[in-house]
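The values are calculated or read from the model by the stated rules, or taken from the named source; none is laboratory data. Bear in mind the structure is a predicted one, so any value in this text is a computation, not a measurement. Using ideal geometry, Cβ is built from the backbone for each residue, glycine included, and neighbour counts are taken over all protein chains shown. Keep in mind that these areas ignore ligands, DNA and RNA; they rest on the heavy atoms of the full protein, side chains included. Shrake-Rupley method; radii C 1.70, N 1.55, O 1.52, S 1.80 Å.
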Amino acid sequence: MIEIIPAIDIIDGKCVRLTKGDYATQTTYSASPVDMVKRMVDSGFTRIHAVDLTGARLGHPSALTTLEKMAAVNDARIEWGGGIKTDDDMRDLLNAGATWAVIGSVAARQPLLFNHWLCEYGPDVMVLGADLRDGKVAVSGWTAEEELTADELINRFRPLGLSQVIVTDISKDGMLQGPNFDLYTTLQAAHPDVLFTVSGGISCIDDILRLNDLGLPRVIVGKALYEGHITLSEMENLKLRM
């Protein structure tokens, strides 16, 4: 059964969504991140994906106070990414209450540091974030690219026990046109011991059902939730049926 993970993107302490990672396309929503966490937990979703978009662009965490408030919600477990670049950043993040740390840029550009974190904190805490544009890994809040494929990035860390990877197809992100199904089935077949999370493009409940039928273990739902294409109630009912 696929695990559904609702998403919260944060800029200046507010819930936002972007299209294809373009900050110029920002849509800001009225609900606060903490209110959204409460709604999600009340609907039975305790693993929540959160991205500090300001931190991702600046290169250091910028919303740890918001994280503390989100993590203080009963039963909430926060999967947090954005701007984590140093040992101090990592310690601050976990001290603020994150259950999981999602690491993208450091894994691509400073693999020895990510290796260190995998060894120190373990694969149950460390999540690799592979954000792809035209098949190449994008970094620094999707503002730059590396000459790396997802397979190459994943294979760097599998020997150290990497077990969780979020793969975002940037071309699909925020487009509400469905995910890149072939990308995820290909990656899952190549790395059967890795738990992949589908990110980008979810438009409706049928997308989630198809991913479930294809055997994908996890999916993030973001813009479709905020734009009313999918409701928390519908996701809750789907979870109960599967």
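Using a Gaussian network for the chain with springs between C-alpha atoms less than 10 Å apart, which of these wobbles most: A150, A101, A190? Result: A190 has the largest fluctuation of those listed.
Based on protein heavy atoms only, the chain ends up with 41 Å² per residue of surface accessible to a 1.4 Å probe.
Database remark: amide H of C15 closer than 5 angstrom to the amide H of Y29 (H placed geometrically; neighbours at sequence offset of 5 or more, or on other chains; Pro and chain starts carry no H).
The P(r) of the stretch 45-169 has a tail past 18 Å containing 48 percent of all C-alpha pairs.
For the stretch 1-125, what is the relative contact order in percent, using Cα pairs closer than 8 Å and at least 6 residues apart in sequence? Display every interim value, and only then the final one.
Numbers: 200 pairs, mean separation 24.7, N = 125.
For the stretch 1-125, the relative contact order is 20 percent.
Once the Cα-Cα distance is subtracted from the 0.36 nm per residue extended length, the L209 to R91 segment shows a gain of 38.8 nm.
Mind pulling up the Rg/Rh value for the stretch 99-191? Radius of gyration and Kirkwood radius, both on Cα. Please list the in-between numbers first.
Working: Rg = 12.9 Å, Rh = 13.5 Å.
Here Rg/Rh amounts to 0.95.
Sum up the charges of everything whose Cβ sits under 15 Å from the Cβ of T27, counting Lys and Arg as +1 and Asp and Glu as -1, but leave T27 out. Please report the intermediate quantities before stating the final value.
On the way: positive: K14, R17, K20, K223; negative: D9, D12, D22, D173, E227.
That sum, taken over residues with Cβ under 15 Å, equals -1.
Phi-derived couplings, Karplus 6.51 cos²θ - 1.76 cosθ + 1.60 at θ = phi - 60°, listed residue by residue for the stretch 189-200: 5, 6, 10, x, 8, 9, 8, 8, 10, 7, 9, x Hz, with x used for Gly and Pro.
Taking all Cα pairs closer than 8 Å and separated by 6 or more residues, the relative contact order of the chain comes to 19 percent. Charging the Cβ of each Asp and Glu at -1 and of each Lys and Arg at +1, and nothing else, the dipole of the chain about its Cα centre rounds to 240 debye.
Rounded to the nearest 500, the helix-only mean residue ellipticity at 222 nm of the chain stands at -10000 deg cm²/dmol, with each DSSP H run of n ≥ 4 adding -39,500 (n - 2.57). Calculated FRET efficiency, L240 to K20, Cβ-Cβ distance, R0 = 35 Å: about 0.60 to the nearest 0.05.
Extending 7 Å from Cα along the Cβ direction at S233 and again at L112 yields two label points whose distance is 5.6 nm. Comparing T231, T197, T186 in a Gaussian network model of the chain where C-alpha atoms under 10 Å apart are linked, the largest mean-square fluctuation is found at T186.
DSSP finds beta bridges in the chain, and of those with both partners inside it, around 25 percent are antiparallel.
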